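Below: one structure, written as structure tokens.
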Amino acid sequence: MAFVVLSHRTRINLKHRGMRMAATYEPATGADSGNTLHRAIDWRGAFWVASGVPALVLFSIGGIAGTAGKLAFVVWTVSMIMGFLQSFTYAEIAGLFPNKSGGASVYGATAWLRYSKLIAPLSVWCNWFAWSPVLSLGCAIAAGYILNAVAPIPAFTEQSPEVIAWLADPANTGKAAADAITAVTAVHTPAIQSFNALSVAVPGLGTLNFNSSFFIGAVLMLIVFAIQHRGILGTANAQKYIGLLVIIPMLIVGIVPLINGQFHASNVAGPYLPGVGDNVGWTLFLGAMFIAAWSTYAFETAICYTREFRNPRTDTFKAIFYSGLLCLLLYILVPFTFQGVLGVDGMKDPGIVAGTGVADAMANMVASGNAFIKEVFVALMILALVLAIMTAMAGSSRTLYQGSVDGWLPRYLSHTNEHGAPTRAMWTDLVFNLFLLAIASDSGGYFFILAVSNVGYIIFNFLNLNAGWMHRVDSGHLDRPYRAPTWLIGLNTVLAFVNALFMGAGAKVWGYSNALLVGFIFAGLIIPVFAFRHYVQDKGQFPKGALEDLGLTGQDLGERKAGILPYLALLGGLAVVLVANWYFQMPPS
């Protein structure tokens with residue numbers, strides 16, 4: 001291995017055996033200043049920044065149980081194994097780009113650029129609008145916990161004096177106890193719980209609610225922004241301690257019920273067939289697989305930081321591999337134990353589905369509902385959600401930043417502050433998510449946002465798993481710090497089409513028949529955004545150095561060695577989505 005000094009801003013030439021072109025990267029030096037990201041972390045830093053991903057299981061653990069039934073823990077297990085296998089393709093293509101940030105969507109976009117200027121930015125755009133809503137969804141759940149902690153809604157039963165008095169009132173003659181409980185609860189609900197400054201209906205999207213959850217969530221977003229303003233090293237250090245406070249309790253919740261007698265094997269015993277006689281059961285199962293992917297595949301965010309690794313050559317693979325191992329453990333263990341203790345009916349509890357009852361369930365699982373332990377788990381749940389929010393802002397803002405640097409997105413997003421934080425991209429994330437938070441603050445809008453954003457995530461997934469073999473064909477001469485087995489690249493290409501099947505069949509499952517259409521429309525918004533940047537701001541030229549890691553200079557996009565195969569892959573993927581959407585049907589309403 002030889003080291004060659006090229007200039008004052010030193011670049012390292014890493015030469016390997018044979019005729020393969022060597023990868024180069026800018027090392028961490030005192031020159032890391034100005035309008036650029038800083039090489040300040042190793043793979044451990046990226047591991048801790050990505051440590052918020054396991055908490056995403058808590059976003060939809062109830063919703064998936066309600067959809068898949070007894071197959072819920074199977075859904076989580078299969079989905080997590082698929083995500084782990086797919087990560088090896090991402091690890092390989094990430095190694096090709098030591099000077100880029102933003103994750104697999106950026107690295108995969110370069111494979112599609114030779115074949116279509118519009119498909120390439122679609123990868124980046126879809127990944128961003130899939131990841132970014134974690135901010136709003138996490139803040140909505142965290143706000144619910146905070147509201148319930150400071151102003152809990154009292155619980156009443158048929159024996160409560162208030163209920164008995166309400167029924168005894170002659171004005172309520174003939175009313176049932178359930179009516180009394182509803183009326184009394186409404187009267188005694190703290191004003192802050194029901195506060196709503198303004199509601200605005202948005203046709204086709206939902207209702208914007210500027211309520212207590214919205215304002216508390218907005219404050220949480222600003223706190224996360226302030227932490228990340230210090231740059232990636234400060235973010236990684238903060239998330240290391242928060243991560244330990246979250247991951248250890250999740251392990252406790254996953255293990256303790258297995259040995260304290262609360263786990264019931266009958267809750268996870270077969271049969272495991274999704275349905276018999278029609279395809280409705282399969283539709284629900286595929287819908288569960290669709291939404292689980294949003295969580296289980298998400299640890300790929302660990303490779304968003306290659307431009308910030310001190311040694312991207314070794315740090316990139318380690319970051320995604322060890323993040324994947326952590327998620328493999330928690331995404332299999334926690335849903336399995338939850339289902340074994342609570343059963344499917346217990347996991348369908350409205351509090352579990354909404355996310356705000358998960359802390360109570362955890363406390364019951366490890367300490368039989370001890371009041372102090374319950375409060376501890378409430379605090380830990382809020383920390384878990386903050387951790388997920390921090391992970392999402394760090395990754396999605398860097399996707400916006402690199403998309404701007406490479407000429408996909410508007411120029412203003414490529415700015416960084418003195419700490420190397422992409423602050424304008426972070427502000428864009430924050431403003432976008434304030435809008436989404438206003439929708440998610442209403443319980444009806446939560447799964448709509450989740451389903452639509454996951455349409456974007458599966459589009460990104462399809463494009464980038466195919467980018468693995470495309471980079472092999474078009475850039476096979478480039479040295480790869482990590483090279484996945486060829487059979488695994490092939491298997492992951494098949495999984496890209498399997499994920500397309502999940503999307504076509506499953507997007508409609510989550511209460512919104514138009515979720516797939518809305519997701520496609522939002523994905524299509526990249527066309528005017530890219531057209532403005534490329535044809536108006538850049539006059540049809542890509543920024544200098546955008547494809548430098550591939551050994552391409554100027555406006556040379558390279559030879560299309562794959563021929564028509566990428567186009568056939570696109571047509572095949574679209575066909576799978578449309579046929580699955582037509583064939584798999586929801587039960588009659």
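Side notes on the structure shown:
- For Asn492, the conditions (1) on the phi > 0 side of the Ramachandran plot; (2) in contact with a Gly (Cβ under 8 Å, 6 or more places away or on another chain) all hold with the exception of (1).
- Taking the range 165-186 as the range and being under 23 Å from Ile153 (Cα atoms) and either touching a residue at least 12 places away in the same chain (Cβ under 8 Å) or in a loop (DSSP other than H, G, I, E, B) (or both) as the test, the residues that pass are Trp166, Leu167, Lys175, Ala176, Ala177, Ala180, Ile181, Ala183, Val184, Thr185.
- Scan of the range 238-256 for residues that are farther than 16 Å from Leu58 by Cβ and in contact (Cβ under 8 Å) with a residue 60 or more places away in the chain, ordered by number: Ala238, Gln239, Lys240, Ile255, Val256
- Some residue of the range 511-519 being closer than 25 Å to Tyr90 by Cβ, among the small types (Gly, Ala, Ser), part of a helix (DSSP H, G or I) and at pLDDT 95 or above: no
- Pairing residues of the range 410-429 that are in contact (Cβ under 8 Å) with a residue 60 or more places away in the chain with residues that are of a type in the set (Lys, Arg) and not in a helix (DSSP H, G or I), at Cβ distances under 6 Å and at least 6 apart in sequence or on separate chains, gives His419/Arg230.
- Taken over the range 406-427, the residue count meeting the criterion of being within 18 Å of Ile232 (Cα to Cα) and part of a helix (DSSP H, G or I) is 7.
- When the range 226-246 is limited to residues that are hydrophobic (A, V, I, L, M, F, W, C) and open to solvent by less than 20 Å² (accessible area, probe 1.4 Å), the one that is farthest from Val386 (Cα to Cα) turns out to be Ile232.
- Filter pass, Trp48 being in contact with an Asp or Glu (Cβ under 8 Å, 6 or more places away or on another chain) and either modelled with pLDDT under 85 or open to solvent by 20 Å² or more (accessible area, probe 1.4 Å) (or both): no
- Gly102 within 17 Å of the chain's Cα centre (by Cα) and closer than 14 Å to Phe460 by Cα: yes
- Selection status of Gly281, in contact (Cβ under 8 Å) with a residue 12 or more places away in the chain, more than 30 Å from Trp48 (Cβ to Cβ) and among the small types (Gly, Ala, Ser): no
The values are calculated or read from the model by the stated rules, or taken from the named source; none is laboratory data. From a predicted model like this one, the values you see are computed outputs, not experimental measurements. Methodologically, a virtual Cβ is constructed for each residue, glycine included, from the backbone with ideal geometry; neighbour enumeration extends over all protein chains shown. The accessibility values were calculated without ligands, DNA or RNA, using every heavy atom of the protein model including side chains. Shrake-Rupley method; radii C 1.70, N 1.55, O 1.52, S 1.80 Å.
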